[in-house]
Amino acid sequence: MIRWAAVFLMLPVLASAQQAFQLPSGNIHCAVFEGELRCDVLNFSYARPPRPPGCDLDWGGAVMLGGKGPAGVICHGDTVADPGNPVLGYGRAWQGPGMACTAAPTGLRCANGDGRGFEMARARLRLF
């Protein structure tokens, strides 16, 4: 019994060590690159923010967040979506380099140590 308790206590730590994850819906995927978290929503219905000049690639479905400073929508020609990414269950949290995310049936919320971040879901993208 005591051995199982030790394993269950370690699960949150192991989940936090993951460099990539997806929500149970499979619609939101995130991965860490060079200390920054990138999250992609594959299918969305929210209005895209205005496309910046010079962005000829995909726009509106990917966000980057570092350990400090604001989150930002990025112009991208790739995706971090991988069906093999570990699943971050609803109600669970992930911790990365200077940031943390929480998964819910209503979407994903990520924030850094500055209190900056984003909320992402099929119907909504909000940077704060």
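Please treat every number below as a calculation from the coordinates, not as lab data. These numbers were taken from a predicted model, which means no experiment stands behind them. Don't worry about glycine lacking a Cβ; one is built from the backbone with ideal geometry, like all the others, and counts go over all protein chains shown.
What the table below lists for this structure:
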quantity	calculated
In the stretch 35-76, the chymotrypsin sites (Phe, Trp or Tyr not before Pro) that fall in loop regions by DSSP, at most 15 other Cβ within 10 Å	Tyr46
Between 0 and 90°, nearest 10: helix 2-16 axis offset from the chain longest Cα axis	10 degrees
Antiparallel bridge percentage (DSSP; both residues within the chain; nearest 5)	95 percent
Difference of contour (0.36 nm per residue) and Cα-Cα distance, Leu42 to Thr102	19.8 nm
The chain: most fluctuating residue of Gly69, Gly91, Gly26 per GNM, C-alpha cutoff 10 Å	Gly91
Backbone HN-Hα couplings from phi across the stretch 19-36 [Karplus 6.51/-1.76/1.60, Hz, Gly and Pro as x]	8, 8, 7, 9, 7, x, 5, x, 8, 10, 10, 9, 8, 9, 10, 6, x, 10
Relative contact order [Cα under 8 Å, 6+ residues apart], the chain, whole percent	24 percent
